[in-house]
1. So which pairs qualify, if the first residue must be in the range 92-106 and farther than 9 Å from ILE158 by Cβ, the second must be basic (Lys, Arg), the Cβ gap must be under 8 Å, and the two must be at least 6 apart or on different chains?
2. Test ALA271 against the criterion of being open to solvent by less than 40 Å² (accessible area, probe 1.4 Å), modelled with pLDDT of 85 or more and part of a helix (DSSP H, G or I), and give yes or no.
3. So TYR30 clears everything in (1) at pLDDT below 85; (2) open to solvent by less than 40 Å² (accessible area, probe 1.4 Å) except one condition, right? Which one?
4. Consider GLY239 against the criteria (1) at positive phi; (2) open to solvent by less than 40 Å² (accessible area, probe 1.4 Å): it satisfies all of them except one. Which criterion is unmet?
5. What number of residues within the range 150-180 are of a type outside the set (Ser, Thr, Tyr), under 16 Å from PRO85 (Cβ atoms), crowded, with 18+ Cβ neighbours inside 10 Å and in contact with a Ser or Thr (Cβ under 9 Å, 6 or more places away or on another chain)?
6. So, MET293, is that one within 15 Å of the chain's Cα centre (by Cα), surrounded by 20 or more Cβ atoms within 10 Å (Cβ to Cβ) and farther than 17 Å from MET32 by Cα or not?
7. Could you figure out which of (1) in contact (Cβ under 8 Å) with a residue 60 or more places away in the chain; (2) over 16 Å from TYR269 (Cα atoms); (3) among the aliphatic types (A, V, I, L, M) isn't true of ILE306?
8. Can you tell me which residues in the range 65-91 are among the polar types (S, T, N, Q) and open to solvent by 30 Å² or more (accessible area, probe 1.4 Å)?
Amino acid sequence: MSKTNRPAKVRLTRPKQTRRLLTRSRIVRYGMRNFTRNAWLTVAATAVMAVTLLIIFATVVMSQMLSGTVVKLRENIDISIYFDPKTDDDTLHNLMGKMQLVDNVKEVTISNSQNEYSKFIEENKDDSELIKTISDIEVNFPAVMHVKVNDLNNLQSIRDMVEEDPQYQKWLYTRRQPTYSGDQQQTINKIANWANLAQRGGLVAGAVFLIISILVIFNTIRMAIFSRREEIEMMKLVGADKHFIRGPFLIEAEMYGILAALVAIILGYLAFMGLAPGLSNYGVMVDTVQSTMTSWWWLVLLMMIIIGIAIGYLSARLSARRYLK
């Protein structure tokens, strides 16, 4: 037979990229089918992972709110230094000028005795008996200097000015101590400690549930592999590689993570929006967190989904590696 009469060869092989795309689509399809095979295992694995993601979400939100509250309190609090009611305005301005030159001082304001008296009357104008009593006994209110600082933990320079400067010592009102020796700093420190404790507690709880979640998904995938051992054996006999066999189990576990992230984000947002007004009434800073969650909800959801997928992938990878041998 001549070359011209030979039958043309039929190309039966598909392009390499097409085969890879087809293989990946089959892996995804098989993984999604496996996801719906056992409803109880799916619900259990998703529920545990959802709790894990919800704890992680709550920890981050609480940490941001408490940290913001501490920062706001530190910004608003000031140190009050009291002077003799007879201190004249020129002396107060001179004392203020000295304080403004001290390291760590951010802002200084002064109020003389008459202004403090007027302020007290305005704040208590509804209590006529108190105002009458104050007027009868001719109470003299001390002049006040309010000092805002950059770092509340570093007040030594201010103490040195108050305790060592002769002019300060001359005009200080000895019946009332400066507030840097009072309870305000202790209150701020307590709130900061509670914020750190809440953050650490959330991290510990998140770590515990993360381990539990990995174990649950690990066992779920192990049971799935065991129940399909004959099917896996047949796939090996017809030449399926490890990637094709392992792939559907990884997709199945990642589906747990995606579904758990959706559940956790819905519950987390509902809980936060319900609690935010009450927390705000107690002085907790929720505005910044609320604004972020409203404007960047898609980024929060994406991060939760990524974390869920990572947990599912890691769990399934460990399980498949051990039980597909």
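1. If the second residue must be basic (Lys, Arg), the pairs left are LYS106/LYS148.
2. no
3. Here TYR30 meets the rest and fails (2).
4. (2)
5. Here the count works out to 1.
6. Values: within 15 Å of the chain's Cα centre (by Cα): yes; surrounded by 20 or more Cβ atoms within 10 Å (Cβ to Cβ): yes; farther than 17 Å from MET32 by Cα: yes.
So MET293 passes the test.
7. Among (1) in contact (Cβ under 8 Å) with a residue 60 or more places away in the chain; (2) over 16 Å from TYR269 (Cα atoms); (3) among the aliphatic types (A, V, I, L, M), the lone unmet condition for ILE306 is (1).
8. SER67, ASN76
The values are calculated or read from the model by the stated rules, or taken from the named source; none is laboratory data. Predicted, not measured: the structure shown is a model, and the values here were computed from it. Neighbour counts are summed over all protein chains in view; Cβ atoms, including those assigned to glycine, are modelled from backbone coordinates with ideal geometry. These area figures cover heavy atoms from the full protein model, side chains too; ligands, DNA and RNA do not enter into them. Shrake-Rupley method; radii C 1.70, N 1.55, O 1.52, S 1.80 Å.
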